[in-house]
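What follows is a short report on a single structure.
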Amino acid sequence: MGSRTYHDPLHGAIRLDRDHPAEALAIQLIDTPPFQRLRRIRQLGPAYLTFHGAESSRFTHSLGVLQLARRALGELNRRQNDLERDAGLLYAAALLHDVGHGPLSHSGEEMYGLHHEQWSARLIREHPSLKEPLDAMEAGMADAVADLLEHGRCRNPAIKALVSSQLDCDRLDYLLRDSYSTGTSYGQLDLERILASLTLAPDGQLALHPKGLMAVEHYLVVRNLMYRSVYNHRLNVVCNWLLSRCVAVARQLGPARVWADAVMQRWLWHPQELTLEEFLGNDDHRTGYHLQRWREDGPAELQELCGRLLDRRLLKASDVSSLGRERRLELLALARRLSEQEGLRADLCCGLQSQHNRGYHPYRGGLRLWDGHQLTALEQRSALVRSLSTTSESAWLIHPPQITATLRQQLALEAAGEAD
């Protein structure tokens, strides 16, 4: 029946064979409108405004996750070949794990207030082009894939771990791919060693052979560095804040003052009533078009916010991570006063954003080492992994460029006072 090949910049030729039932299913799913829509969803949202090469799509990433899932299953099949019976479930979950992303990926979740796992599950359960081929392969498979993606429930714990865990195929691909597309060098992994070390513990759970310990330590360090250098980059924080303010202001002004087409009207003012087709109708193109329209002929507030984004007249961000919450709020109030003195609307140019990051969570799907004789928690064998278990916070004060000197002078005085 033939094959199909996707040429991937990271994984090379991804060849799918229609004579293999699970791969034939993957081809069917790839050709559906919900999956093809992922070509129009940027993997890293507005990060292209910071890293100009960050133009990769969720479509490309999802194919990469499928390829890693196939390779991981191949490794595990050499140890327990009955896993092959769940190949269809694994491939479908790997492909469709992001099918419910809104425009601009995770930025869209913040902008519009949605959760992509819930939408992925709903599309899989209800959209005929996804549900029908899944259930045709095995009765109830659509519900099984949806349950795995939304709730982490799966009849096979090893398959679940490959789809969603602290060392899953999704994380492996996005770290490699995001590093490649942003031009950063932090995301280089010893992928071959990691995959070769995959094994099964006596309880059927996924585990790692100790020979892969250093490769996994490296992976966890890489993940921590990518969050600090790319995902939580200060300009990325600014862009996400601006996008969220655009949608918040549009919603607040209402349909009487803000133009939106029929699909965007539902997204803005009736998000709980979205149909499947209305959800799928919004992507980076539609959201981007509305940002352009609002910049050209929207209310002044939207013109200002959209113009900053589209023309890349970005706000500044000052690091306030070392300060307590009360002091951060005092500085925000100062920034607002200074902005108003400059003739600016403070609610359009001043804000506080914070993120919490933990490089490794030992109690949430913690990784284990199995050498055929002894099963050990990863953090018990690695001081480096234990050090990554501590939660860190980054906090940014967002403000207009005009007041940067005054604010940072104040921050420098506070830093000097702490040093004394």
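The values are calculated or read from the model by the stated rules, or taken from the named source; none is laboratory data. Because the structure is a prediction, the values reported are computed rather than measured. Virtual Cβ from ideal backbone geometry, glycine too; neighbours counted across all protein chains shown. To get the accessible areas, we keep the full protein, side chains included, count just its heavy atoms, and leave off ligands, DNA and RNA. Shrake-Rupley method; radii C 1.70, N 1.55, O 1.52, S 1.80 Å.
Under the condition of being in contact with an Asp or Glu (Cβ under 7 Å, 6 or more places away or on another chain) and open to solvent by 10 Å² or more (accessible area, probe 1.4 Å), which residue from the range 142-162 is nearest to L367 (Cα to Cα)?
Taking the candidates together, the pick is A161.
Please tell me if G2 is open to solvent by less than 20 Å² (accessible area, probe 1.4 Å) and in contact with a Lys or Arg (Cβ under 9 Å, 6 or more places away or on another chain).
Spelling it out, it is not the case that G2 is open to solvent by less than 20 Å² (accessible area, probe 1.4 Å) and in contact with a Lys or Arg (Cβ under 9 Å, 6 or more places away or on another chain).
Just give me the residues in the range 249-258 being under 29 Å from the mean Cα position of the chain (by Cα) and either modelled with pLDDT under 95 or open to solvent by less than 40 Å² (accessible area, probe 1.4 Å) (or both), in sequence order.
Hits for the range 249-258 are V249, A250.
Considering the range 259-281 alone, what residues qualify as being assigned to a helix (DSSP H, G or I), open to solvent by 70 Å² or more (accessible area, probe 1.4 Å) and either among the hydrophobic types (A, V, I, L, M, F, W, C) or in contact with a Pro (Cβ under 8 Å, 6 or more places away or on another chain) (or both)?
If the condition is that a residue be assigned to a helix (DSSP H, G or I), open to solvent by 70 Å² or more (accessible area, probe 1.4 Å) and either among the hydrophobic types (A, V, I, L, M, F, W, C) or in contact with a Pro (Cβ under 8 Å, 6 or more places away or on another chain) (or both), then A262, Q265 are the ones that fit.
Name the residues in the range 164-185 that are open to solvent by less than 20 Å² (accessible area, probe 1.4 Å) and of a type in the set (A, V, I, L, M), would you?
Hits for the range 164-185 are L167, L172, L175.
Considering only the range 95-126, state which residues are closer than 11 Å to P34 by Cβ and open to solvent by less than 20 Å² (accessible area, probe 1.4 Å).
Scanning the range 95-126 gives L95, L96, D98, V99, G100, H101, S120, L123, I124.
Taking the range 282-294 as the region of interest, how many residues are within 10 Å of P103 (Cα to Cα) and open to solvent by less than 50 Å² (accessible area, probe 1.4 Å)?
5
Take the residues in the range 328-369 that are in a strand (DSSP E or B) and open to solvent by less than 70 Å² (accessible area, probe 1.4 Å); name whichever of them is farthest from D168 (Cα to Cα).
Among those that are in a strand (DSSP E or B) and open to solvent by less than 70 Å² (accessible area, probe 1.4 Å), it is G351.
What pairs come out if I take residues in the range 369-380 that are more than 18 Å from E217 (Cβ to Cβ) and pair them with residues that are surrounded by 13 or more Cβ atoms within 10 Å (Cβ to Cβ) whose C-beta lies under 6 Å away, six or more apart or interchain?
L375/A201; L375/R368
Of the residues L44, L68, only one is closer than 30 Å to L314 by Cα and not polar (S, T, N, Q); which?
Just one listed residue meets the conditions, L44.
I want to confirm something. Restricting to the range 30-67 and keeping residues that are among the aliphatic types (A, V, I, L, M) and out of contact with any strand residue (DSSP E or B) (no Cβ under 9 Å at 6 or more places or on another chain), which single residue is surrounded by the fewest Cβ atoms within 10 Å (Cβ to Cβ)?
L49
Has the range 210-228 got any residue that is outside any helix (DSSP H, G or I), touching a residue at least 24 places away in the same chain (Cβ under 8 Å) and hydroxyl-bearing (S, T, Y)?
no
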